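A.B. asks: Please see the structure below; I have some questions.
The values are calculated or read from the model by the stated rules, or taken from the named source; none is laboratory data. Remember, it's a predicted structure, so these values are computed and weren't measured experimentally. When we count neighbours, we look across all protein chains shown, and the Cβ atoms used for this are built from the backbone with ideal geometry, even at glycine.
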Amino acid sequence: MIFIAIVIGTLTAGIGSVWLAALLSFGVLARYTQHMLSLAAGALLATAFMHLLPEAFESQLSAHDLFFTLLAGLIFFFLLDKVELWHHGHEHHHESGAEQAHPDKPAAHPHAHQHAPKAGAWAVLTGDSVHCFGDGVLIASAFMADLRLGVIASLAVLAHEVPHHMGDLMVLRTGVNNRQAAMVKVSLAGAVTALGGLAGYWLVDRLHGYLPYFLVVASSSFIYVALADLIPQLQTRLSARQTTAQIAWLMGGVALVTWVSALAHG
């Protein structure tokens, strides 16, 4: 039962996030992108603080060790983010230099520097696949702790992967100018989440005593993505009406996770 739930949860999070990203990038939901960012931030914070961390701290492990793991996880994801930004910034620097040397060439896509230049599409897919594999391991850890937690973690991963996949689709479409081809490639990368789930099922089953640490690492990932990636994109000067809507969608993310938890628990 747990094995089947992990497969379903990882495929839903991995591929479902790509399809939702496509709807927000190319489809009828494109006008609601900012609302989805608020919803995702609320869902991630609620999942980490209301579900994963309490489950981890109910174990017999030292609170000091778990808090240290949380701190180490936040620092690790910060460093990982810095490495990625440095790598892409380095590539963008070379691309900008080439554009200055050849001013007659068309300008690059305005968002391409956030991920990779056109020629780096396979690098984007490789990095995305590795990230999705890690997400799969975290989802499997949550399912191994409790079925309800697994459902919530799957939802949270789906939410935080949507903005990431939106950027990937943008970069790939810039390279191949084909929405369907871009969707297929990113969907295949998203499917790697299921492979991570299978690996996590095998790993956590053999290291069950370390399960609280896996849950804390998952929490640190969700907290970092929400506070360092999603919320800064929302920190813009808005009207009172827009700010109210932003807060409402943020709280909607918290409410959604609470509702899913009650539904799964029932």
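Yes/no matrix, rows are residues, columns are (1) in contact with a Pro (Cβ under 8 Å, 6 or more places away or on another chain); (2) modelled with pLDDT under 85; (3) aromatic (Phe, Trp, Tyr); (4) surrounded by fewer than 18 Cβ atoms within 10 Å (Cβ to Cβ):
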{"position": "LEU37", "(1), (2), (3), (4)": "yes, yes, no, no"}
{"position": "GLY42", "(1), (2), (3), (4)": "no, no, no, no"}
{"position": "PRO54", "(1), (2), (3), (4)": "no, no, no, yes"}
{"position": "HIS64", "(1), (2), (3), (4)": "no, no, no, yes"}
{"position": "PHE68", "(1), (2), (3), (4)": "no, no, yes, yes"}
{"position": "VAL83", "(1), (2), (3), (4)": "no, yes, no, yes"}
{"position": "GLU91", "(1), (2), (3), (4)": "yes, yes, no, no"}
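A.B. asks: While we're here: Taking the condition farther than 18 Å from LEU39 by Cβ, touching a residue at least 24 places away in the same chain (Cβ under 8 Å) and not charged (D, E, K, R), does PHE214 pass? Reasoning before the result, please.
C.D. replies: Values: farther than 18 Å from LEU39 by Cβ: yes; touching a residue at least 24 places away in the same chain (Cβ under 8 Å): yes; not charged (D, E, K, R): yes.
So PHE214 passes the test.
A.B. asks: Of the residues SER25, SER38, SER59, only one is touching a residue at least 12 places away in the same chain (Cβ under 8 Å), small (Gly, Ala, Ser) and outside any helix (DSSP H, G or I); which?
C.D. replies: Every option except SER59 fails the conditions.
A.B. asks: Within the range 101-140, take every residue that is surrounded by fewer than 20 Cβ atoms within 10 Å (Cβ to Cβ), in contact with a Lys or Arg (Cβ under 9 Å, 6 or more places away or on another chain) and of a type in the set (A, V, I, L, M) and give me the one that is modelled with the highest pLDDT.
C.D. replies: Applying the filter and picking the extreme gives LEU125.
A.B. asks: Let me ask something else about it. What single numbered condition from (1) out of contact with any Leu (no Cβ under 7 Å at 6 or more places or on another chain); (2) in contact (Cβ under 8 Å) with a residue 40 or more places away in the chain; (3) not β-branched (Val, Ile, Thr) fails to hold for PRO232?
C.D. replies: With respect to (1) out of contact with any Leu (no Cβ under 7 Å at 6 or more places or on another chain); (2) in contact (Cβ under 8 Å) with a residue 40 or more places away in the chain; (3) not β-branched (Val, Ile, Thr), PRO232 is out only on (2).
A.B. asks: Another question, then. Could you count how many residues in the range 217-243 are closer than 18 Å to LEU74 by Cα and either more than 16 Å from the chain's Cα centre (by Cα) or of a type in the set (Asp, Glu) (or both)?
C.D. replies: 1
A.B. asks: Tally time: how many residues in the range 141-189 are of a type in the set (Asp, Glu) and at pLDDT 85 or above? Steps first, answer last, please.
C.D. replies: At the first step, the residues of the range 141-189 found to be of a type in the set (Asp, Glu) are 146, 161, 168.
Checking which are at pLDDT 85 or above leaves us with 146.
Residues in the range 141-189 being of a type in the set (Asp, Glu) and at pLDDT 85 or above: 1 in total.
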